[in-house]
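Read the structure below first, then the notes.
Where a number appears in this text, it was derived from the coordinates with a stated rule and is not lab data. The model shown is predicted, which means the values in this text are computed figures rather than measured ones. Virtual Cβ from ideal backbone geometry, glycine too; neighbours counted across all protein chains shown.
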């Protein structure tokens, strides 16, 4: 039965998430934007003690999680991303780890001091083209030895230094191409894994984006996720399984994107409202001002992206394969919020461009959503291949 | 609980209508567009599905299923996928039946609803749009004035489907600043049906201009009787229906251009193997899905009795733009062939262009 009813408990969770975000994140958002690489320790402690104050409040709610996540990110995107927890590394582990591995790697996220999980895929020479990964994993008895350099690992520094986990993608056989790419879990503190540098970014500055170096980094043999075998070079089943991580994470990134877009759109509407500028929904186009048309366009695009996101998460919950729908949601949401926040800066004139307000920050923050977890273009390519029934060789 | 699954019953209706669209509508639509006529047989066949009678209560002779705008949106998409002109023709009687069902007085329901539960198609229509660039459904220039026991209607209308054959017509007019509906029966004095219109698209659908010259209708023919009607709610039903229809037209164009792009070779490979073409198709697919869900949500709000004005108008606005972009891209993907009437994409572009103009021309 087609239904858009938001259950009362979700409405309540949404309201709490908004209040928490406004209380905990908004007041310090500007500070950690201006003081990049400073750590919001108080916030981290509070979120670790009580994860339900952050995005984790959304867990276990069904497809409506996206509304709760939006509220949290609406408070601040960068700070939301530095909330402790298993994060992207955790998602990869959930998708492809054995029960024993889950226990061994994820238990730490519910005990002791704050910890983070990170994913290390991107290298200086490859981003979305993961088959070109050059970091190597060589078996040496009961261990794997990792060598290489990873960039753009979100929460990478925190994961390394807190004793969290980093899921590192490396090749066990370069000649095997994609079939040789395997994910490995490296625990924070493992000798041979170190933080090389932190990036200076356009936005989401509170979130650390690290370059990680692996120099003869030895990990237990059992730290590989999925099968170690490169059975058949033409078969990339193992690789695909790991790529399924993105079917899980992309809709959530889309939801986070919407949170930033919502922050900007709400601010625009509140500002207009104070000035007595009315947005007259349902009026004919020729009677609307260009400002009203712009706001409606923003609203409609947000709604379109939200619907696609909701569908992708709903399918996941139904146990349906959602790779196409996850990429649709991510492609649409990333672009929609990029445009919505840019339009918000324009509509607010000098108020939009000024650092006195957060709108210009939201524009900078939002842009990452069109890039990380697969750029808009990569996601569009995935959609295109799927609707055409094309392989990566058919459509490059 | 959020769900994107049609119910089993809805899925059965979708399958039936979709089969009809594939096997019947798609066999004829080009011919109909060229000669401006839709054979009565196909309209009668569609009538047998009970798309309108289905949701009229049994006490008025209907089948008594619960009226659902969501189900209506599902049907509207499939019919419009088959052909927009035929879809509007098939659903035209709903322009009178559903507003009476939703907003009519008990007397009006008893008198008129049984007419839509017969075995034969019942031509009925609504006159809302007016022939001027700044048409506003909430500020009509057609007026209704109470004179004794009668309302006197004056003004001009256009895009009135099936006006010449309609036995009943719901005419919308401005009364004391608000839009109200008036049930006008065939042959009412002062109702002058003009020439059949010639439009860019919807060529198979017979639409007319008409003039109301002091057209007199009994006082009890005001929709909703003493209470009048909440016109905005009727308009929202129409927005949801038209948004879903726009999705249907867009999907037709998308599917056709996708198949074409896989078959058309250039430089030794299908043009779909190039990102410029493949990305257009991907964006079309994304926007079509997004718009469909926006239409569903607006329809769902109506089914729940909520004020759907915001979401229905946003969905309609988004759908108006989406269908134009998608049908235009479809023509573009076919290149020169897209411009030739041997292929259907030019027809879908002409029909798609109309949605921004169509207000209140379909209801589910």
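Could you rank the peptides A:102-108, A:257-263, B:348-354 by their average count of other C-beta atoms within 10 Å per residue, with the highest value first?
Numbers: A:102-108: 15.6, A:257-263: 29.1, B:348-354: 25.0.
In decreasing order of mean packing, A:102-108, A:257-263, B:348-354 become A:257-263, B:348-354, A:102-108.
Please find, in a Gaussian network model of chain A (springs between Cα atoms separated by less than 10 Å), the residue of A:14, A:174, A:182 whose mean-square fluctuation is greatest. Among A:14, A:174, A:182, the largest GNM mean-square fluctuation belongs to A:174. Calculated translational diffusion coefficient of chain B (20 °C, 1.002 mPa s; Stokes-Einstein with Kirkwood radius over alpha-carbon pairs) equals 103 µm²/s. With the biggest extent put first, the Cα atoms of the protein assembly as shown measure 96, 59, 47 Å across the principal axes. Principal axis analysis of the Cα atoms in region A:299-368 yields extents of 47, 21, 15 Å, listed in decreasing size.
Modelled label positions at residue A:143 and residue B:35, each set 7 Å beyond Cα in the direction of Cβ, lie 8.5 nm from each other. Annotation for residue B:332 and residue B:134: the two label points, set 7 Å from Cα along the Cα-Cβ direction, are 3.4 nm apart. Of all the options B:270, B:137, B:114, the one that moves most in a Gaussian network model of chain B with Cα springs shorter than 10 angstrom is B:270. Using 1/(1 + (r/R0)^6) with R0 = 22 angstrom and r between the beta carbons of residue B:119 and residue B:165, what's the FRET efficiency to the nearest 0.05? In this case the efficiency is close to 0.80.
Here region A:71-201 is treated as a sphere whose radius is the Kirkwood value from Cα pairs; by Stokes-Einstein at 4 °C and 1.567 mPa s it diffuses with a coefficient of 84 µm²/s. Pairs of Cα atoms nearer than 8 Å and 6+ residues apart set the relative contact order; for chain A it is 15 percent.
Note that region B:8-117 shows a convex hull volume over its alpha carbon atoms of 92 Å³ per residue. You can think of it this way: the chain between residue A:386 and residue A:113 has 94.0 nm of extra reach, that is 0.36 nm per residue less the Cα-Cα gap. Look at the stretch B:307-317: the mean tally of other chain Cβ atoms within 10 Å of its residues' Cβ atoms is 4. From most to least packed by mean Cβ count within 10 Å, the peptides B:77-87, B:334-344, B:229-239 give B:77-87, B:229-239, B:334-344.
For the pair residue A:293 and residue A:128, what calculated FRET efficiency results from E = 1/(1 + (r/R0)^6), where r is the Cβ-Cβ distance and R0 = 22 Å, to the nearest 0.05?
So, using R0 = 22 Å, E works out to roughly 0.05.
With all projection directions averaged, the alpha carbon convex hull of region B:124-227 covers 6.4 nm².
Of the peptides B:37-43, A:273-279, B:51-57, A:334-340, the order by per-residue mean of other Cβ atoms within 10 Å, starting with the highest, comes out as A:334-340, B:51-57, B:37-43, A:273-279. Debye-formula intensities of region B:293-357, expressed as log10 I(q)/I(0) at q = 0.27 Å⁻¹, are -1.00 (one equal scatterer per alpha-carbon, no solvent). In this simple spin-label approximation, residue A:6 and residue B:186 carry label points 7 Å from Cα along the Cα→Cβ vector, and these lie 5.0 nm apart. Comparing Cα centroids, region B:339-364 and region A:9-34 end up 46 angstrom apart.
Please express the shape of region A:8-81 as an equivalent ellipsoid: the semi-axes are the square roots of 5 times the eigenvalues of the C-alpha gyration tensor, given largest first in whole angstrom. Intermediate results must be reported in sequence, preceding the final value.
Working: eigenvalues 102, 27, 19 Å².
One finds semi-axes of 23, 12, 10 Å for region A:8-81.
Region B:231-356 gives an Rg/Rh value of 1.08, both radii derived from C-alpha positions and Rh following Kirkwood.
How many partner chain Cβ atoms sit within 10 Å of a residue's Cβ in peptide A:386-394, on average, as a whole number? Please report the intermediate quantities before stating the final value.
Numbers: counts 2, 10, 12, 3, 5, 0, 0, 1, 6.
Per residue, the average neighbour count from other chains is 4.
From the alpha carbon centroid of region A:145-179 to that of region A:116-133 is 8 Å. Applying 1/(1 + (r/R0)^6) with r as the Cβ-Cβ distance of residue B:176 and residue A:198 and R0 = 60 angstrom yields a FRET efficiency of 0.35. Region B:189-224 and region A:318-386 have Cα centres spaced 47 Å apart.
State the volume of the convex hull built on the alpha-carbon positions of chain A, expressed per residue in Å³ and rounded to an integer.
Details: hull volume 60.8 nm³, N = 396.
It is 154 Å³ per residue.
Remark: mean inter-chain Cβ contacts per residue of A:321-328 equal 2, using a 10 Å Cβ-Cβ cutoff to other protein chain atoms. Average 1/r across all pairs of distinct alpha carbons in region B:172-283, invert it, and you get the Kirkwood radius: 18.7 Å. Size descriptors for region B:94-176: radius of gyration and Dmax over Cα atoms are 13.9, 40 Å.
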